[in-house]
Amino acid sequence: VVKINQRDHAQGHIIPDLRALLALGLPGLRERAAAGQGDLHRAAVIALDGLRDFALRYAELAADPGLATVCRAAAERPPTTLREALQLIWFVFTGLHAESNASSFSLGRLDLILHRLYQDDLAAGRLDRDGAAALLAAFFIKCNEIVYLRNPGR
């Protein structure tokens, strides 16, 4: 995500509810929003549909079948693995950065939020410590690719 010539310097300090995101997935959050009334709830449904479509487009374009499966999972259900959780979080943060003027998003306590999925992956033999470290390193590299270009002195 790149923002060019951003003139205002509003800094939001936002920590999305990643626990709810991982517990409910995009479909569950959409269902919760759709049950509400008013413009905010309708806007949330539209945004969540957009994130679902964004993830599905990535799934369609993925050259790696494994990545396509992970992207589809992010769109269609709550994550069941660490890799799926990181992909879903990345899609959400990409959407937040694309939509918002704020550059102060926080991942919160990912160590606590992702611990159960990490432990489940270890126990099931889907992942070892080195594999988890590699996934987290790739995730944090992606997080540092977001660039805001701002006008100086404004």
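Quick notes on this one:
- Using only side-chain charges placed at the Cβ, +1 for Lys and Arg and -1 for Asp and Glu, the dipole size of the chain relative to its Cα centre rounds to 340 debye.
- Residues considered: L18, L26, L135. Largest GNM mean-square fluctuation over the chain, using C-alpha springs under 10 Å, is found at L135.
- Site pair A35 and A98 shows an inter-label distance of 2.8 nm when each label is modelled 7 Å from Cα along Cα→Cβ.
- Potential extension, A124-D53 segment - 0.36 nm per residue separation minus Cα distance: 22.5 nm
- Angle in degrees between helix 115-124 and the longest Cα principal axis of the chain, rounded to the nearest 10: 30
- Distant alpha-carbon pairs in the stretch 28-89 (separation over 18 angstrom), percent: 39
- Cα gyration tensor category, rounded, prolate or oblate, for the stretch 21-154 with a/c compared to 1.5: oblate
- Angle between the chain longest axis and helix 65-76 axis [Cα atoms, degrees, rounded to 10]: 60
- Helix 39-61 axis, angle to the chain major axis (alpha carbon atoms, nearest 10°): 60
- Taken over the alpha carbons of the stretch 61-138 as equal point scatterers, the Debye sum produces base-10 log I(q)/I(0) values at 0.19 Å⁻¹ of -0.90.
- Cβ-based net charge around A20, under 13 Å, with every Lys or Arg adding one and every Asp or Glu removing one: +1
- Mean-square fluctuations from a GNM of the chain, with a 10 angstrom spring cutoff on Cα atoms, peak among D49, D128, D64 at D64.
- Distance between the modelled labels on A23 and I146, one decimal in nanometres: 2.3 nm (7 Å Cα→Cβ projection).
- Computed lengthening from T69 to R116, 0.36 nm per intervening residue step minus Cα-Cα distance: 14.8 nm
- Highest-fluctuation residue, G95, G66, G38 considered, GNM on the chain with Cα pairs under 10 Å: G38
Every number in this text was worked out from the coordinates using simple rules, so none of it is lab data. Just so it is clear, the structure is predicted and the values come from calculations on it, not from any experiment. Positions of Cβ are backbone-derived with ideal geometry, glycine not excepted, and every protein chain shown enters the neighbour counts.
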